[in-house]
Amino acid sequence: MQASPLVTATPRALEHLRGLLAAENDDATGVRLGVKGGGCSGLSYLLEFDAIQDGDRLIEHDGVQFFLDRKSSIYLKGVQLDYDAGIEGKGFVFGNPNATNTCGCGESFSI
């Protein structure tokens, strides 16, 4: 039995990320996903373009590389990244099955 991926992304999120990565002018080779302290619920999501660092976990999903530091991996296990571009679109949306509480804006959570 194969283990489920640490993180996944919807086709809509992957398409948007590929476009943004292609437009980057620096040394970014992928997308860093992480968490940091702060926000209404205690932890905030981090999404930025970056290069792999020592100690990172590398997840490749349909041509997009995701980098996670070890600490963030614990909080992001099973996360699905989506992109919402509707009228009230929020941009990138984290679907986190580990979150026990999220704020109204969806940008912070607690476990």
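Quick one: Karplus J couplings for the stretch 76-82, per residue in order, coefficients 6.51, -1.76, 1.60, θ = phi - 60°, nearest Hz, x for Gly and Pro?
Per residue, the Karplus-derived 3J(HN,Hα) values read 9, 4, x, 5, 10, 8, 10 Hz.
Ranked by Cβ crowding within 10 angstrom, fewest neighbours first, how are Lys71, Lys77 ordered?
Lys71, Lys77
Laboratory data are not the source of any read-out in this text; all were calculated from the coordinates shown. If you're wondering where the values come from, they're calculated on a predicted model, not measured in any experiment. Cβ atoms come from the backbone with ideal geometry, glycine included; neighbour counts cover every protein chain shown.
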